[in-house]
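The values are calculated or read from the model by the stated rules, or taken from the named source; none is laboratory data. Bear in mind that the values here come from a model prediction, so they are computed numbers and not experimental data. Here the Cβ is made from the backbone with ideal geometry for all residues, glycine too, and neighbour counts use every protein chain on show. In case anyone asks, the SASA skips ligands and DNA or RNA and just uses the protein heavy atoms, side chains included. Shrake-Rupley method; radii C 1.70, N 1.55, O 1.52, S 1.80 Å.
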Amino acid sequence: MSNRTIKKAPTVRLPPKSNFELLLVRGSQVSMIFVGIIASVFALHAGEFILTPIGLGVVIGLMLGPLASRLERFGIPPALSAAAVVLLFIVAVGIFVLLVASPLSFWLQRLPQIWAQLATQLSELQGPLETFKSMREQLRQVTGGEGVSVSVDEGMGVETMATLAPAVIAQVLLFFASLYFFVATRYQTRTAILRICFNRRLRWRVAHIFRDVEQLVSQYLLSITVINFAEGLTVGIGLYLLGVPSAPLWGALAIVTNFVPFVGPLVMVVILFAVGLTEFDTIGASLLPVALYLGVNTIEGQFVTPMVIGRTMTLNPFVVLLALAFWIWLWGAIGGFIAIPALLVGYAIIRNVLPGVNWGVDDLDRQYGR
């Protein structure tokens, strides 16, 4: 055995970083995060054609996941339970479309007549409109703007439909494929992602993220669906009692639009005001459908929804508005439907990555004792 001693390599100590160097390091990290966010937004916008149906399929799959889980408790394989859930969804959508197809076709045929009636009713507002028109003319003279000429090609509509039809069909097929495979492989996907996690603590956090996402999104969407159906039924009955034609159509439309907070009710107010103008003789009477809808919607938003979902699951309205504006700008109407579930997914991730952050959704904390 050798008596030689092994000399240790000398320890090199770097001088401490100055405040300026620390600032540069932090600034570079923030810049990388900012660039990553911008790149992600650009990717979402550029991939709208493919990502929109996939995102919608995932959101609907999160809503229908608990139903598939119930079927699987009876020994049904995930592939068959997913097929059953997708088939049930298709039947529900088909029944809904059949119920609204006939009255919707009737109102579409009446559009020229409705426009003429609207012009007659709005003639009472001719004075204010003339004032706005004169203001517009003065503004045009000041800015030097000229009138814009619009040319219409008669064959444009047919050509556009012929071009869009294959794209729409492809998106519908992609949506149903995403819905089926997401529901059928949700457990395999979760297991595969957990296996990638390299330590126990990270696996624990990711597992809690999956649990919170499923709980929050499915609870929210299922509860809101039931609430919206109840609101649509109430609005339809109320409009029928007021003598508004095609009351079931407007009730069904109230169901659909109420999935998009703020924007959906505003669209319903405009539609019902237009319907009221065509069916009643005075402006005051024309506001009755709008007043009925706003009353029902206010009761739903202030009392029914907090009672069913819970006040602790009510998100900050400003955050909801920002999410709606972002997703509607990004993906249009479908983005408006995805906005709240996407916000809940983001919340589930943040609440597990940064414990202690609370945006008002703490039902899961109470349920799991955290």
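Of the helices (runs of 4 or more DSSP H) lying entirely inside the range 256-344, those containing at least 3 residues that are of a type in the set (G, A, S) span 263-279, 283-286. Selection of the range 21-55 for residues being hydroxyl-bearing (S, T, Y) and exposed (fewer than 12 other Cβ atoms within 10 Å of the Cβ) yields S28, S31, S40. The one condition from (1) modelled with pLDDT of 80 or more; (2) open to solvent by 20 Å² or more (accessible area, probe 1.4 Å); (3) among the hydrophobic types (A, V, I, L, M, F, W, C) that A254 does not meet is (2). If you go through the range 75-90 and pick out every residue that is at negative phi and either at pLDDT below 90 or open to solvent by less than 20 Å² (accessible area, probe 1.4 Å) (or both), you end up with 4. Is it true that some residue in the range 213-226 is assigned to a helix (DSSP H, G or I), among the acidic types (D, E), open to solvent by less than 60 Å² (accessible area, probe 1.4 Å) and closer than 30 Å to V345 by Cα? Among the residues of the range 213-226, not one is assigned to a helix (DSSP H, G or I), among the acidic types (D, E), open to solvent by less than 60 Å² (accessible area, probe 1.4 Å) and closer than 30 Å to V345 by Cα, which makes the answer no. Pairs linking a residue in the range 271-289 that is over 18 Å from T234 (Cβ atoms) to a residue that is of a type in the set (F, W, Y) and surrounded by fewer than 18 Cβ atoms within 10 Å (Cβ to Cβ), with Cβ atoms under 8 Å and 6 or more positions apart or on different chains, are S286/F273; L287/F273. Number of residues in the range 184-212 that are open to solvent by less than 40 Å² (accessible area, probe 1.4 Å) and in contact with a Cys (Cβ under 8 Å, 6 or more places away or on another chain): the value is 1. F198 fulfils the conditions (1) out of contact with any helix residue (DSSP H, G or I) (no Cβ under 7 Å at 6 or more places or on another chain); (2) part of a helix (DSSP H, G or I) except for a single criterion, (2).
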